[in-house]
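A short reminder: the numbers here are calculations on the coordinates, not readings from a lab. Remember, predicted model here, so these are calculated numbers, not experimental data. Cβ placement follows ideal geometry from the backbone for every residue including glycine, while neighbour counts extend to all protein chains displayed.
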There are 2 protein chains.
Amino acid sequence: MKSMLKRPIGVFDSGIGGLTVVKALTETLPTESIVYFGDTARVPYGTKSKSTVIKFSLENIEFLLRCGVKCIVIACNTASAWALPELSEYFRVPIIGVIRPGAHAAAQYTKNKRIGVIGTKSTVFSGAYEDAVKEVDASIKVYSQSCPLFVPLVEEGMVRGAICNQLVEDYLKKIKRSQVDTLILGCTHYPLLTNSIRAYMGKKVKLVDSAKQAARDVRGVLMGTQMLTDSKAKPKYKFYVTDEPQHFHNIGKRFLGRVIEHVDKVNGQH
Amino acid sequence: MKSMLKRPIGVFDSGIGGLTVVKALTETLPTESIVYFGDTARVPYGTKSKSTVIKFSLENIEFLLRCGVKCIVIACNTASAWALPELSEYFRVPIIGVIRPGAHAAAQYTKNKRIGVIGTKSTVFSGAYEDAVKEVDASIKVYSQSCPLFVPLVEEGMVRGAICNQLVEDYLKKIKRSQVDTLILGCTHYPLLTNSIRAYMGKKVKLVDSAKQAARDVRGVLMGTQMLTDSKAKPKYKFYVTDEPQHFHNIGKRFLGRVIEHVDKVNGQH
């Protein structure tokens, strides 16, 4: 049996967006190996119901466990919102989502106790960010807005220009009016819209990227459970998807910040 | 065994858009019963690869066959483009897609032998409309454009206004410049954008709705195989989806033109 410490970190996402979490992990934990699983045949999750997201997440966790991972990161905000509370207690390995890290960071940043949250319909409907913020400070006001067209916009690479700016304005109008000083980008795709969102919200509003916060939580959990790798070898990164890998390979660079060398397709029920 | 004639027509789609085909069928064949299957847990198909769309389509056909249908209509353009040529020969019941009916109608309409086609990435990439048009007249020029943001736009109900009009202009600019006199709306969602598309393309350009054309083909096939129902009873409509039915129920009216009374969820591998 492979030493527990040397085992990879497992990361799953509904598709490609979770690569922003992988990027943050490689920066925060540069010696750790990673297995990434993107459910590209069934993407997106953010428009789907709780029971379906839980079912898909369970299948994804089982796949990663068969890969021998030492912990699991749910990179998808929607799956973190719906599936993490339901599933984490069933497994021995630690499971870390992106909601709580993002929410707690935002709760620490805010001075005026007004936080905005943007995400998919499912994430916003779940109320998970609001609940996690209020764990830290129940007096903080949370203003949430779902932005369903942001994901397809980013997937199309339309992260600037008239349509992008118009959509940002339409979706963020109410939150801006609420005078938040902190805005949680509650979906893996949204950090790619940072320029447009910052231009509209103004530089004084702090944008919280849940991916970066989650990577710090993962480091904390691995330290706390004494599972940080002791390997001096170059870390290995493996990528699995459920649809043909071509599209993932092509646009993955946008999210990961570097070229993905090899992607494997997983068949059927993973 | 139920009389063959009285059996329902089976219709499947990646999600909700195929209800425009159901609507056309109820108008063209008002005495026929229909079983509709929407794969809402795995929607959309239009951004996914050929092998995945074929696999999903095969599962959907098998589900409809278990419902005892007398023929199958593939309401989804992407599935018609990728899966119909691969799968139709394996089954005894007739399988009718939406590509050929739309393409043939357009080939008959065009006077200047210039046809535009808009669809999902997969549909356009497949070249299926172009091939089907050239079956009728190889001298016709076909100008294709994928419009990946149209589906989420329609699902969000954003079928008018500045963003909608800007996207229509961006996507259709090249096709308009090509001076087509006929434009195929090669995706079940696009007929809901008719007003905006017509305003941009001008009234002289004929818009071809594949759903309506497909319904006529279904009638032709049922007549030709002597399978039109002889029942005088009120037809029955059944709806099955793979995600929770709520969303389908809520926005289905937009596509079907009337309230859907009951939707059942199908679990697991259907």
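Details
- With the simple model of a label 7 Å out from the Cα in the direction of the Cβ, B:N195 to A:Y90 spans 4.6 nm.
- Each residue in A:S14, B:S144 was given a count of other beta-carbon atoms within 10 angstrom of its own, and listing them fewest first yields B:S144, A:S14.
- Loop sites in segment B:150-190: trypsin sites (Lys or Arg not before Pro), DSSP, at most 13 other Cβ within 10 Å: B:R160
- GNM result for chain B, Cα springs below 10 Å: residue of B:V159, B:V21, B:V98 fluctuating most strongly: B:V159
- Cross-link table A:K113/A:K173; B:K141/B:K173; A:K174/B:K23; A:K70/A:K212; A:K55/B:K55, entries beyond 28 Å C-alpha to C-alpha: A:K174/B:K23
- Amide H contacts of A:F239: A:Y36, A:D264, each under 5 Å away and 5 or more positions distant or on a separate chain (H built 1.01 Å from N in the peptide plane; Pro and chain starts excluded).
- C-alpha long axis of helix B:162-177 to longest principal axis of chain B, angle in °: 70
- Under 5 Å between amide hydrogens, built in the peptide plane, is the criterion, and for A:C71 it picks out A:G10 among residues at least 5 positions away or on other chains.
- Based on DSSP H segments of at least four residues, each scored -39500 (n - 2.57), the protein assembly as shown has a per-residue ellipticity at 222 nm of -13000 deg cm²/dmol.
- Residue-wise HN-Hα coupling along segment B:70-83, computed from phi with Karplus coefficients 6.51, -1.76, 1.60 (Hz; x: Gly, Pro): 9, 7, 10, 10, 8, 6, 7, 4, 5, 5, 4, 5, 8, 8
- 0 to 90° range, to nearest 10: angle between helix B:99-109 axis and chain B longest Cα axis: 50
- Note: relative contact order over segment A:99-210, using C-alpha pairs below 8 Å and six or more positions apart, is 36 percent.
- Selected from A:V35, A:V136, A:V73 as most flexible by GNM, with chain A as the system and alpha-carbon contacts under 10 Å: A:V136
- Inter-probe distance in nm under a simple model that places probes 7 Å from Cα toward Cβ, at A:K176 and A:N112: 1.4
- Shown here for segment A:46-107: trypsin sites (Lys or Arg not before Pro) in loop regions (DSSP other than H, G, I, E, B) with at most 12 other Cβ atoms within 10 Å, namely A:R92.
- Scaled radius of gyration (Cα, divided by 2.2 N^0.38 Å) that the protein assembly as shown gives: 1.02
- Using Cβ point charges alone (K and R +1, D and E -1), the dipole size of chain B about the Cα centre works out to roughly 720 debye.
- Residue-wise HN-Hα coupling along segment A:30-37, computed from phi with Karplus coefficients 6.51, -1.76, 1.60 (Hz; x: Gly, Pro): x, 9, 7, 7, 9, 10, 10, 10
- With the label put 7 angstrom out from Cα along the Cα-to-Cβ vector, B:S88 ends up 5.2 nm from the copy partners, going from closest to farthest.
- Residue of A:D137, A:D217, A:D243 that the Gaussian network model of chain A assigns the largest fluctuation, springs spanning Cα pairs under 10 Å: A:D137
- Between the Cα long axis of helix A:245-256 and the first principal axis of chain A there is an angle of about 60°, rounded to the nearest 10.
- Backbone HN-Hα couplings from phi across segment A:216-222 [Karplus 6.51/-1.76/1.60, Hz, Gly and Pro as x]: 5, 5, 4, 4, x, 5, 5
- Amide H within-cut-off set for A:K206, under 5 Å, with H built and near neighbours excluded: A:T182, A:L183
- Cross-link reach is defined here as a Cα-Cα straight distance under 17 Å, omitting same-chain residues fewer than 8 places apart; for A:K50 the lysines meeting it are A:K121, B:K265.
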